[in-house]
Amino acid sequence: MATKLIDQSLFQHWVRALIAATRVYAVQEKQNGFAFDALARAGDLRLDYDVTILPPKKYFLPQQEVLLTFDRETMSFKSVFDPEPFVLLGVHPYDMVAISQLDKVFAKDNLDQHYRVRREAATIVVCDVQKVSPNAFSGCMGQATMEGKEGHDMLLTQLDDGRYLLEAVTGKGMALFESLADASPADEKSLQAREEIWAHNRERLQQHKLKPAPSELPGLLDKSYDHPVWEERAALCYSCGSCNLVCPTCYCFDVRDELNWDMRTGQRLREWDGCMLREFAAVAGGHNFRAEEAARYRHRYYRKGKYSWDAYGEIACVGCGRCISACTANIANPVEVFNRLLEDDE
Amino acid sequence: MKGAELLDVYLPRPARLLEKRRLTPHETWFHFEMDEAVALGYWPGQFLEISIPGIGECPISISSAPSNESDSRFELVVRAVGDLTRALHALEPGQRIGVRGPFGSRFPVEDALRGHDLLFICGGIGLVPVRSAINYVLERRGDYGELNILLGTRTAADRLFTDELYAWKKRDDLQLRETVDVADPSWGADVGVITRLIPRLKLQVENTRAIICGPPIMYRFVLNELKKLGMLPEHIYLSLERRMKCGVGKCGHCQINGIYVCQEGPVFSYADIAAVREAI
């Protein structure tokens, strides 16, 4: 473990050095919220954000990406990869957990090189949560801090006295210390202060209180396939897919072709898709294997709480609360659904 | 790390159309060969992702039986229902497509089915993938027991592979029974749902393995009849249709509950999916 303890001006110097050295994507203010975007000036960085509108998965699985280019005349296809290095700065712990889950999904069975190339090009700096979003419940999911977790390259914590504690946990993270050669390592007192921040975050990132333990969710769902909650809530669902799009662990996609003006060359695009959308499971000829709103609604919760557990041993809800905020019909709160299942099970 | 050298699971390989033949007003048979005679190495029951660049890509069952491990030729039967399948119908010999795969599980022709009596039950274009298994078995006829094929189509005009059906009918080492939903006066065989044919079969049930493929509605009725015969779920194999968009277990469209059909299917033992709620 290598650490640095730096004050505000040295922190600004560090961020400027990162921007000068590489592509940096970081959290910035956007309209009434916060978003990850290319960082042009150190002063635009907002580590005091509560939650971003979209999760940082967009840097590994972009909303739209070119998988390959083609030429219809020669029937040739050429893979397109994006190996340019970048630093992803200010990822919250729960979002880092989600990225680590996507790492498993895209490596399992058939390695997805498009994802892998982007992921390996990234250096991820996780930032401990400073401000709590109104719908955060990552504390209930055990995902409020990075304790006992990996996947990130550096952990950054702003202490109560305003100083920053930087901890590099990989070689890539160490490389980010280049401009901080003279800075001193963290002392016992600041490490203790960080522990207190973690303890505080575990408690306060529980704006909704989940009654079952996360590890109880697969068993609870297993018993609840015919529970009325799916029909009741789905009756209000607009099938808009907003909950899918803002979810840091959703990864379903569609693929479509785009032809250039020459009508000969073009590109095959991968785009985000969502299992809540009406046509998601429809096949050519018209049959829809999940035509009912309730079937789609239930499928989403099973994917979060059971199927991912069966396949990877992980709960694919990290408690970011984005789906709660994004849902127009106000039916997407996982805590309400899971608590209801537990109450009716007792 | 050089991008071009990476093995990309989404990258199609070119294949050339050798010949095509219209089977019905809606379905056409295609015979393709991979460029440079690249071996596909497919098995009965598997599917390919077929590309026409600029239009898109979709999963299509392989209808031919592999003649050997290095087979680079394959046959498809395609119903024109969408943009891509309509574009396929317009393809002329010599023109090329993109191919990914083969993907998915196979009919267990070399293990669980060997040495057993076989009962093939096909509804409509369900015959397309099952034909691969039937022809595989017929090429190794001595390795299998009694052979029964049940075939249901909407009308006589919708029957696929009429030449092959005629040849099968003339063989004395298999029994082909057909039914249509709607018959015209020239139809000389059964009329009605395919399940009506099942009670008439003289089967040694414990030695029989059933292979089923048809429209989604067909499965529960056929399974019910097989249950009445006392057939065990582990002796029944089904090929299930879903939207297998990526073929590599990522995109999510083909999921039946937690199962990626493109990975664990499309061929399933009924014993493995009897309790999977979205399956049948």
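Could you tell me the relative contact order of chain A? Use alpha-carbon pairs under 8 Å, at least six residues apart, and round to a whole percent. Intermediate values should be presented prior to the final figure.
Values: 617 pairs, mean separation 73.8, N = 346.
Relative contact order of chain A: 21 percent.
When a/c is below 1.5 the answer is rounded, else prolate if a/b is larger than b/c, else oblate, so apply that to chain B with a ≥ b ≥ c taken from the square roots of the Cα gyration tensor eigenvalues. Verdict is prolate for chain B. Phi-derived couplings, Karplus 6.51 cos²θ - 1.76 cosθ + 1.60 at θ = phi - 60°, listed residue by residue for the stretch A:128-142: 5, 5, 9, 10, 8, 6, x, 10, 5, 9, 4, x, 6, 8, x Hz, with x used for Gly and Pro. Based on Cα contacts under 8 Å between residues 6+ apart, the stretch B:3-103 shows a relative contact order of 37 percent. A simple rule links phi to the HN-Hα coupling: the Karplus curve 6.51 cos²θ - 1.76 cosθ + 1.60 with θ = phi - 60°, which for the stretch A:325-332 gives 6, 7, 6, 5, 8, 6, 10, 9 Hz, with x for Gly and Pro.
Cross-link check: pairs A:K57/A:K104; A:K131/A:K304; A:K78/A:K108; A:K78/A:K104; A:K211/B:K250; A:K172/A:K304 evaluated at a Cα-Cα cut-off of 20 Å; pairs beyond the cut-off: A:K131/A:K304; A:K78/A:K108; A:K78/A:K104; A:K211/B:K250; A:K172/A:K304.
Shielding by partners for peptide A:112-123, expressed as the average number of C-beta atoms from other protein chains within 10 Å of each residue's C-beta, is 2. Counting, for every residue in A:278-288, the Cβ atoms of other protein chains within 10 Å of its Cβ and taking the mean gives 5.
When the helices of chain A are scored as -39500 (n - 2.57) per DSSP H run of n ≥ 4 and the total is divided over every residue, the value at 222 nm lands at -9000 deg cm²/dmol.
Note that the stretch A:189-200 has calculated 3J(HN,Hα) couplings of 5, 6, 5, 5, 4, 5, 4, 5, 4, 4, 4, 5 Hz, one per residue in order, obtained from phi through the Karplus relation 6.51 cos²θ - 1.76 cosθ + 1.60 (θ = phi - 60°); glycine and proline are x. Working note: Cα atoms of the protein assembly as shown, range along each principal axis, descending, whole Å: 91, 62, 40. Rounded to the nearest 500, the 222 nm mean residue ellipticity of chain B from helices alone is -4500 deg cm²/dmol, with -39,500 (n - 2.57) taken per DSSP H run of at least 4 residues.
Between amide H atoms placed 1.01 Å from N, distances below 5 Å from A:H92 occur with A:C127, all of them 5 or more places distant or on a separate chain. Post the alpha-carbon centroid distance, the stretch A:53-116 to the stretch A:297-346, in whole angstrom. Taking the Cα centre of the stretch A:297-346 as reference, the centre of the stretch A:53-116 is 25 Å away.
In whole percent, what relative contact order does the stretch A:214-345 give with Cα contacts below 8 Å and a gap of six or more residues? Relative contact order here is 31 percent.
By per-residue mean of other Cβ atoms within 10 Å, what is the highest-first order of B:244-252, B:271-279? Provide the component values of the computation, followed by the final result.
Numbers: B:244-252: 23.8, B:271-279: 15.3.
Ranking, from highest mean packing down: B:244-252, B:271-279.
Amide H contacts under 5 Å for A:R290: A:A281, restricted to partners 5 or more places along the chain or on a different chain, H placed in the peptide plane at 1.01 Å from N. With Cα atoms as the point set, the stretch B:3-103 shows a radius of gyration and Dmax of 13.1, 45 Å. Using Cα springs under 10 Å in a Gaussian network model of chain A, which residue among A:P85, A:P228, A:P93 shows the largest mean-square fluctuation? Top of the fluctuation ranking is A:P228.
Of all the options B:A156, B:A65, B:A39, the one that moves most in a Gaussian network model of chain B with Cα springs shorter than 10 angstrom is B:A39.
Using unit Cβ charges (K, R positive; D, E negative) and no other charged atoms, how large, in debye to the nearest 20, is the dipole of the stretch B:117-273 about its Cα centre? All intermediate terms of the calculation are to be shown ahead of the outcome.
Numbers: 20 positive and 19 negative charges, 65 e Å.
Charge dipole, the stretch B:117-273, about its Cα centre: 320 debye, nearest 20.
Every number in this text was worked out from the coordinates using simple rules, so none of it is lab data. In this text the structure is predicted, and so the values were computed from the model without any measurement. In this analysis, Cβ positions are derived from the backbone assuming ideal geometry, glycine residues included, and neighbour counts consider all displayed protein chains.
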